[in-house]
């Protein structure tokens, strides 16, 4: 009986051992299944964290974009309602992260400076929030600004400031050399132009519809854009120059800039022909008079030679008067001819 009991005990131990082994196998199997299900979730979580870190890093590099027109003022906000006593604010500028402004509540002092003096008398710090204001900004103040708040809470922030030149008003002029006309229609060539501009787009509009445009990026150059319209066109046209933050518009007045190409009328042609004919007749008459006078002058010279070398002959008084009168008449005609010549 003892044997049997031992046998049952051994059997029970073996059975228990067998159950223990099965239980351990089942537990191991269940752990592997859980790990196989959670592995993709962990990978997704890691990717999400990495994405957030990358976004945070890119935000720190590129910063918040701020655009401003040259000559205006811009404020870089800290988004802090109030600076605490233990907080210290530091503003940095450029790739070298040069310090341009600091503020400390504890030390109760503010300072604004830059090594090359480009920010002299242009920086202002808000005593309550630490926000930085740049007045009368120019293109040399464009770039990356970094905010560093240290104290009870660490805050880092950056701003990428872009400065655009103030836009000129476009000038519209008529290109009269390209004026053309026909029996059916007549066209006027116009040009819209601006000088010394960069990062702009120049466009022609009719109403709100874009007709044509031209853009320039970094270079400071002059731009011009052509437009051809009919003289009888009643549509409204405008030339617009714009950059990312502002624009200037010039409206077209066709009646002021486009004058109809004139076509000579029949009556005008008749008048011109008549004047030309009359002028030709006058020229012919003048030539005839000149020739006659020249011929008479030769005749008088011949008469004078004959008179000079003729022998002295005495005539009666009446005959002498007749000859003398004839000579005087010829001399008068020749003098008149010389005067006309």
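So, R0 is 41 Å and r is the distance between the beta-carbons of residue 295 and residue 272; what FRET efficiency does that work out to, to 0.05?
0.70
Taking neighbour Cβ counts within 10 Å as the exposure measure, how do 245, 149, 283 sort from fewest upward?
283, 245, 149
Under a crude label model (7 Å from the Cα following the beta-carbon direction), how far is residue 221 from residue 69 in nanometres?
Roughly 2.6 nm, to one decimal.
Rounded to the nearest 0.05, what FRET efficiency do residue 259 and residue 283 give with R0 = 56 Å and r taken as the Cβ-Cβ distance? Could you check?
Calculated value: 0.95.
What does the C-alpha gyration tensor say about the overall shape of region 171-257? Classify as rounded when a/c is under 1.5, otherwise prolate if a/b is larger than b/c, or oblate.
On the way: a/c = 2.70, a/b = 1.89, b/c = 1.43.
Prolate.
Extension gain residue 251-residue 127, at 0.36 nm per residue separation less the Cα-Cα distance, in nm?
Extra length from residue 251 to residue 127 when fully extended: 39.9 nm.
Testing the spin-label approximation: label points 7 Å from Cα along Cα→Cβ at residue 144 and residue 213. State their distance in nm.
3.0
Based on other C-beta atoms within 10 Å, arrange 230, 146, 140 from fewest to most.
Ordered by Cβ neighbours within 10 Å, fewest first: 140, 230, 146.
Can you sort 114, 290, 159 from fewest to most other Cβ atoms within 10 Å of each residue's own Cβ?
290, 114, 159
Bear in mind that the values in this text are calculations on the coordinates, not laboratory data. Here the structure is a predicted model, which is why all the values come from computation and not from measurement. FYI the Cβ positions are ideal-geometry reconstructions off the backbone, even for glycines, and counts take in every protein chain you see.
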